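Data first, discussion second: the structure below is written as structure tokens.
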Amino acid sequence: LRRGLPVGAREALPRMSLFVVSPAAFDRVHPMAFMSPHPMPVFFSISTEERGLRLRRWLAAADSGWCMAELPAIHPEDLDVEWGGDASSPVRMLNVTSRETLFILLPPFGRFGRQMERWVSGNSTAAMPNINSGFASAHKVANAAFHLRALQCIASRCHPCVSRRDVTMAVILEDDVEHVEGISPASAEAYPLLLHDAMKQLSVGGINKLQLAVGNTAAKQAVNIPWRKARCWQHTENVTGWTGPRLLRCSHFSDSHAYVVTQLHAQRIVEAHATLVQHHGLGSGVCVNPWEHESCGDDPAILREFFKQCDKPPRNLLEGACNGLALAGQTVPWSLFHNNSAKYRMGNEHGEDRYGAVKAMEAASSVWALMLANMSAALHRGHAVDPNKALEKQAKRKELKRKFSHSIKAARVDVPAKI
């Protein structure tokens with residue numbers, strides 16, 4: 001939190017523990033923390049030195065346009081995953097020090113469960129596949145914890161950047177996104193003003209989330225290609241007063257590496273999170289999914305699977321649900337590039353990016369066989385278990401990908417592919 005403030009404010013800011021973000025910590029913040037009349041609040045946390053250098057470099061181009069809230073680093077080693085060992089046991093992700101529960105997932109554990117189901121129902125004597133969805137990867141647990149902490153701070157106005165009541169929005173950035181001059185829809189210096197103008201205009205019509213990093217081909221999350229469901233199309237309007245950016249509607253996409261969220265919707269997300277934890281993951285009738293809905297990315301995967309335990313909002317419901325758009329450049333579907341070249345993993349003594357409970361789950365073939373027998377409808381979202389059909393679908397996708405592989409090569413950042 002110190003690095004985003006002017007020098008005079010840094011000494012006035014007390015040190016804080018890893019997960020505690022308290023309003024009391026900012027009682028003596030220097031008034032120069034607000035260097036422009038309307039700086040855009042931006043929340044981020046640094047996982048590696050290389051990522052931090054890249055992120056701060058382009059943020060510095062508009063230093064007075066941002067009000068920077070750098071949250072304490074959250075490392076996978078600060079967290080843990082617990083599982084009771086039987087087919088009915090939930091998975092709990094928690095803070096190692098305080099034992100605070102961050103997320104609870106009930107069986108069959110979303111995409112992780114579907115990956116395990118395919119292995120068990122196919123050939124359990126075969127080698128264990130690379131199962132890395134959601135809590136199976138320790139760095140993804142840490143990433144989900146960062147998003148949660150940022151949203152909680154925005155909702156409670158715990159930081160000077162969002163403490164004023166006239167601050168109605170904030171940006172959340174993962175540390176592997178970059179502004180690309182000439183391709184992003186505004187210069188790095190003007191970018192925070194663009195985000196402010198876009199969200200101010202769109203929130204009048206009910207938009208509460210603006211996705212900034214949709215369809216990055218380098219991250220294997222491209223849109224509008226034959227073998228993926230992810231699609232984007234031109235929205236009915238663009239940002240008034242700006243010629244560079246485009247507004248897109250998107251569906252079936254995952255990217256949430258960077259986004260603007262309204263303070264009101266951050267409150268809804270935090271309230272739904274607290275309700276789910278209080279009810280031990282049993283969200284039916286007590287919460288509405290605030291994460292994945294109209295043109296909103298579903299990543300991080302842990303938040304997607306966690307909030308799916310709430311009721312699904314009907315299409316005509318805006319209160320409590322996510323209603324989003326994507327901000328794009330003229331030749332790409334994104335405004336910030338997802339550069340994942342500097343990997344971030346737990347790196348324990350065994351070089352494994354996974355927790356002990358996850359390894360125990362993967363080894364429990366008998367538990368998964370029982371779960372498959374009892375919960376096949378839940379695992380397949382109502383479809384009958386048929387490993388052969390799954391293999392046929394996978395083969396078709398691979399063939400389509402092979403035929404159109406040249407389009408991926410042409411969709412690099414330096415040769416962007418237009419939607």
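Observations on the structure shown:
- Between Ser88 and Ser254, residue separation times 0.36 nm minus the direct Cα-Cα distance comes to 56.9 nm.
- Computed over segment 128-278, the percent of Cα pairs more than 26 Å apart is 32.
- With the simple model of a label 7 Å out from the Cα in the direction of the Cβ, Ala360 to Leu282 spans 2.3 nm.
- Exposure check, 1.4 Å probe, all protein chains in place: Tyr355 carries approximately 10 Å² of accessible surface.
- Candidate residues Arg246, Arg118: accessible-area rank, largest first, probe 1.4 Å: Arg118, Arg246
- For the peptides 261-267, 363-369, the ranking by packing is 261-267, 363-369, with the highest mean count of neighbouring Cβ atoms within 10 Å listed first.
- Estimated FRET transfer efficiency (Gln330, Thr236; beta-carbon r; R0 25 Å; 0.05): 0.90
- Taking label positions 7 Å along the Cα-Cβ direction at both Thr243 and Glu100, the computed distance is 4.8 nm, reported to one decimal.
- Among the listed pairs Lys229/Lys359; Lys140/Lys229; Lys140/Lys200; Lys209/Lys359, those whose Cα-Cα separation exceeds 29 Å are Lys229/Lys359; Lys140/Lys200; Lys209/Lys359.
- Accessible-area composition of segment 148-213, carbon plus sulfur, in percent [1.4 Å probe]: 52 percent
- Glu100 - accessible surface, heavy atoms, 1.4 Å probe, Å² rounded to 10: 70 Å²
- Within segment 56-211, the proportion of Cα pairs with more than 22 Å between them is 58 percent.
The values are calculated or read from the model by the stated rules, or taken from the named source; none is laboratory data. As the structure is a computational prediction, the values presented were derived from the model and not from experiment. Methodologically, a virtual Cβ is constructed for each residue, glycine included, from the backbone with ideal geometry; neighbour enumeration extends over all protein chains shown. SASA here: full protein model, heavy atoms, side chains in, ligands and nucleic acids out. Shrake-Rupley method; radii C 1.70, N 1.55, O 1.52, S 1.80 Å.
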